[in-house]
1. Under the rule of at least 5 residues apart or a separate chain, name every residue whose amide H is placed under 5 Å from the amide H of residue 26.
2. Need the C-alpha centroid separation for region 41-100 versus region 156-179, integer Å.
3. Amide H of residue 151 versus every other amide H placed in the peptide plane: which residues, excluding those fewer than 5 positions away on the same chain, fall under 5 Å?
4. Can you compute the equivalent ellipsoid semi-axes for the chain, i.e. the square root of 5 times each eigenvalue of the Cα gyration tensor, sorted largest first and rounded to whole Å?
5. Residues with amide H under 5 Å of residue 169's amide H, sequence separation 5 or more or different chain, H placed in the peptide plane at 1.01 Å from N; which?
6. Please compute the modelled spin-label separation between residue 32 and residue 87, points set 7 Å along Cα→Cβ, answer in nm with one decimal.
7. Just the number please: accessible area per residue for region 114-177, 1.4 Å probe, all protein chains included, in Å².
8. May I ask you to give the percent of accessible area on the chain that is carbon plus sulfur, with a probe radius of 1.4 Å?
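The values are calculated or read from the model by the stated rules, or taken from the named source; none is laboratory data. Note that the structure is a prediction, hence the values are computed from the model and not measured. Ideal geometry is used to build each Cβ from the backbone, glycine not excepted, and the neighbour counts take in all protein chains shown. Side chains are part of the model used for accessible areas, which takes the heavy atoms of the whole protein and leaves out ligands, DNA and RNA. Shrake-Rupley method; radii C 1.70, N 1.55, O 1.52, S 1.80 Å.
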Amino acid sequence: MKITVLGASGRTGARVVQQACTADHQVTAVVRDPAKLQFRHRNLVTVRADVLDPAALTPHLAGQDAVVSALGANNLKPTTICTDSAHAILRAMTAEGTRRLLVVSTAGAIDEGDGPVLRYLLKPVLSRVFRHPWGDMIRMEELVMASDTDWTIIRPPRLTNAPHTGVYRTATGANLPGGGSIPRADLADAILRALGNPAAVHTALSVAT
């Protein structure tokens, strides 16, 4: 596939780029600072663009088979990066006629499937602590679900830097019992598998070790 990855220099995005290139996909990595993406590959083109500007994104979506957004906030401060970038991405996709979209969200967006301790004791606390980044992702999900794209939303729990295993669980529309974490490398694996799976279109997938 020809894939555009936004947030490509982030800890998840960089792993998506690496695995996609290794799998012989043609990857366009959209970053603010190309120097932050150290990875080099014959299948990779790195470009600088403002992810909040549809006009800046549009040329990098032309002729692409899929768009992956691994954008997210790196702190607990008020943020609209996911919501605002979703607006820009959807406008740019419409302009270019690009259909396939996958965005990374959070298992904190829902409590369906959570065990009683997590659902009634821990998540109310976590929801207050992470109210800004989680709220931003929830608003992004609403935009994406309302769009006419062939979207997939992936909701991971806590992300780690553990090695790639390729062994993880997925569920549709509900979180996974006992699924407290997943390596970023396995999340990248799940993203690429979902892109190639027609059954993942118009679904929200939870993924966890």
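1. 2, 3
2. Between the Cα centre of region 41-100 and that of region 156-179, the gap is 24 Å.
3. 101, 202
4. Numbers: eigenvalues 136, 69, 53 Å².
For the chain, the semi-axes come out at 26, 19, 16 Å.
5. 208, 209
6. Label-label distance for residue 87 and residue 32, simple model: 1.8 nm.
7. 57
8. On the way: 5430 of 9870 Å².
The value for the chain is 55 percent carbon and sulfur by accessible area.
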